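Before any comments, here is the structure.
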Amino acid sequence: MGDDRLTPNVQRSASTTASRRAAAFAVWYLRVVTFVNLLSAVWVSFGNDVRRHNEENFFTPYLLTAGFASGVFTMFLAITMRRRKRAAWILNIVISTLFLLLFGLAMFFAEIREHAQNWISLVLTAAFVAALVVGRREFYAKGDRSNPRLAAAVAVGGLLVSSLLAALLVTVANQAHDSHRSTFLERWGYGTMRLISVAADDTGFAGISTPNWVDVTINVISTVLILAVLYAAFRSRRAVDPLTEDDEARLRALLDRHGDRDSLGYFALRSEKSAVWSPTGKAAVAYRVLGGVSLAAGDPIGDPEAWPGAIEPWLAEARAHGWIPAVMGASEEAGTVYARHGLDALELGDEAIVETAEFTLDGRAMRTVRQAYNRVKRAGYTVRIRRHADIPAAEMASLLQRADDWRDGATERGFSMALGRLGDPADGQCVMLECADSRAGGAGELRALLSFVPWGPHGLSLDLMRRDRDSENGLMEFMVIELLQRAQEIGITQVSLNFAMFRSVFERGGRIGAGPVLRLWRSLLSFFSRWWQIESLYRANAKYRPIWEPRFLLFEKSADLPRIAIAAARAEGFLEAPGLPKWLHRRHLESKR
């Protein structure tokens, strides 16, 4: 890998106070115009006044056209300008300059100059153009190179489909008298006219008379088409460079030297991630781009002293492409370093870590766990513990098949605490636990699987949990306890189990004296736990009496949290974007060989 991969090419002109303020003015101008446009769509009389002014000797400022579609358009521009998209700046500078020239020419007419509203419009439009010029260096975010072609294809194809759909609506709902039978071309023309103009003149279509809901529906279709074209034109680049063989080899070398620092470090080897390296190559940030969010997980890989050298180019790359930078599951140490680079922190929850030397089933506090463990053991279940490298290929293929059969749904979940693959020969140091039931006269039948990834030389981090739904309850707990009791056999001193989101809320919210806000927050989380198992994961981990290590979400702006949450949910497999069927994407061991 060449040096160009170590530091991304994200250099741009130096920012100044004047350019930042000008860029902020341009964004806020679009936000205000968006508000007025949407207000005009809701407040009918106000919108009619604005449109009447434009029909007389008045004109309104840049993009103020008093309509829902124009409000959506300006809102999209405001959002993309706030993300510093260069394409949005180019579009605005071209259109606003044309508006300014037209307004300037119009002011040569005396009947137009005498109205103060026109001078206000001219000044506001000129101020917006000036702000774009002064703040031009602040709009540096690149889009995908295919965006212009995609936007053109969406515009042409979308207009064709939308106009045909509009023609169908007009045909079905036409209320005109039979004295003039309209042709399909006339109905198609009427639908197209309604698509491109909200307040178009329809006097030329004598044989067409549609109810108001048809016109509104066509206008909504038009707005959706505009959004689709704008999204295609301004979308961020989806990914950079997936992990190469050289990247993976270098990451494994860093994990060999520093892997014991972070229990999530091994998950940086997920195949869909990319890596940004420090100039020295001693640290890297592994991330994935989803929905315009550059999502990293865990701590940077490598020497903590070199972490800033990897964080800086990662942030610069995110800004160069208009991505929102975010980190899921960072430790307190890494969170402090990220905070020095301008990111804010929000505690997500706690990771359950068990020191194997201190774990015991003795004592009153472990009575319930001990009884459940003994019940499963008396039922004849046994656990086999092996490194992946010690499992023959034929047996591994059989385990892969059972793991697929037992998966809950077609989606492979996990990102921050899951490797996303099983049985890869490169993961030979991972540990597999196989739980089988008793069967008279022979070996038992496999009922559950656990897989752990390495956490340094003497630790393990939980990766995968699968079990037969018809098997005995408590198998997972039985297997974890077996691992903790037999950990010395494979040289393990610490084990990282599941992550418990908002653990402190459940723990403190159930105590005497908890405040009303905390109790309300706990009740809300308990309600959502019916679907997302938030509280049950905490309870399942707490029974091992682990050490709780806090994990944090890092972000730049609070306004970005909804998009970050959606991107994280997609990465973890809880939300799916429309696309190809999952069976076309499933990766098996055979496809890797």
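Below are the figures for this structure:
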{"item": "Output for segment 308-362, where each listed residue is under 19 Å from R261 (Cα atoms) and charged (D, E, K, R)", "result": "E332, E333, D350, E351, E355"}
{"item": "Residue, surrounded by the most Cβ atoms within 10 Å (Cβ to Cβ), within segment 193-218, restricted to residues that are of a type in the set (S, T, N, Q) and at pLDDT below 80", "result": "T210"}
{"item": "Residue list for segment 249-308, restricted to those being of a type in the set (D, E), surrounded by fewer than 24 Cβ atoms within 10 Å (Cβ to Cβ) and without any contact (Cβ under 8 Å) to a residue 40 or more places away in the chain", "result": "D256, E305"}
{"item": "Tally of residues being over 11 Å from E434 (Cα atoms) and touching a Gly at 6+ places or on another chain (Cβ under 8 Å) across segment 397-408", "result": "2"}
{"item": "Elements of type helices (runs of 4 or more DSSP H) in segment 330-415, at least 1 residues being open to solvent by 40 Å² or more (accessible area, probe 1.4 Å), among the hydrophobic types (A, V, I, L, M, F, W, C) and at pLDDT 90 or above", "result": "332-339, 393-406"}
{"item": "All positions within segment 309-327 that are buried (at least 24 other Cβ atoms within 10 Å of the Cβ), under 16 Å from the mean Cα position of the chain (by Cα) and closer than 16 Å to L554 by Cβ", "result": "A318, W323, P325, A326, V327"}
{"item": "Verdict on Q488 being open to solvent by 50 Å² or more (accessible area, probe 1.4 Å), closer than 30 Å to T382 by Cβ and modelled with pLDDT of 85 or more", "result": "yes"}
{"item": "Test for A130: is it buried (at least 20 other Cβ atoms within 10 Å of the Cβ), in a helix (DSSP H, G or I), at pLDDT 85 or above and not aromatic (F, W, Y)", "result": "no"}
{"item": "In segment 133-150, the residues that are in a helix (DSSP H, G or I) and acidic (D, E)", "result": "E138"}
{"item": "Residue list for segment 145-172, filter: hydroxyl-bearing (S, T, Y) and farther than 13 Å from S222 by Cα", "result": "S146, T171"}
{"item": "Check on I112, assigned to a helix (DSSP H, G or I), open to solvent by 40 Å² or more (accessible area, probe 1.4 Å), closer than 27 Å to Y62 by Cβ and not aromatic (F, W, Y)", "result": "no"}
{"item": "Qualifying residue in segment 32-45 (condition: crowded, with 22+ Cβ neighbours inside 10 Å and over 30 Å from F108 (Cβ atoms))", "result": "yes"}
{"item": "Flag if E272 is part of a helix (DSSP H, G or I) and farther than 26 Å from R86 by Cβ", "result": "no"}
{"item": "Residue match in segment 54-65 (condition: in a loop (DSSP other than H, G, I, E, B), under 22 Å from L227 (Cβ atoms) and open to solvent by 60 Å² or more (accessible area, probe 1.4 Å))", "result": "yes"}
{"item": "Filter pass, L225 being under 30 Å from A151 (Cα atoms), in contact (Cβ under 8 Å) with a residue 12 or more places away in the chain and assigned to a helix (DSSP H, G or I)", "result": "yes"}
{"item": "Sole exception among (1) aliphatic (A, V, I, L, M); (2) over 19 Å from M417 (Cβ atoms); (3) in contact with a Phe, Trp or Tyr (Cβ under 9 Å, 6 or more places away or on another chain); (4) assigned to a helix (DSSP H, G or I) for A306, by number", "result": "(3)"}
{"item": "Among the residues listed as A26, A69, A106, the single one being of a type in the set (A, V, I, L, M), under 30 Å from L315 (Cα atoms) and touching a residue at least 12 places away in the same chain (Cβ under 8 Å)", "result": "A26"}
{"item": "Residue match in segment 91-109 (condition: outside any helix (DSSP H, G or I) and open to solvent by 50 Å² or more (accessible area, probe 1.4 Å))", "result": "yes"}
{"item": "Hey, A418 at pLDDT below 85, under 32 Å from the mean Cα position of the chain (by Cα) and among the hydrophobic types (A, V, I, L, M, F, W, C) or not", "result": "yes"}
{"item": "Residues of segment 32-75 classified as more than 17 Å from L124 (Cα to Cα) and aromatic (F, W, Y), total", "result": "4"}
{"item": "Contacts under 6 angstrom Cβ, first residue in segment 438-449 being modelled with pLDDT of 75 or more and open to solvent by less than 70 Å² (accessible area, probe 1.4 Å), partner assigned to a loop (DSSP other than H, G, I, E, B) and not hydrophobic (A, V, I, L, M, F, W, C), 6 or more apart", "result": "G444/D437; G444/S438; E445/D437; R447/D437; R447/D468; R447/S471"}
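The values are calculated or read from the model by the stated rules, or taken from the named source; none is laboratory data. The structure presented is a predicted model; accordingly, all values stated were derived computationally and were not measured. Quick reminder, even Gly has a Cβ in these numbers, built from the backbone with ideal geometry, and neighbours come from all protein chains shown. SASA here: full protein model, heavy atoms, side chains in, ligands and nucleic acids out. Shrake-Rupley method; radii C 1.70, N 1.55, O 1.52, S 1.80 Å.
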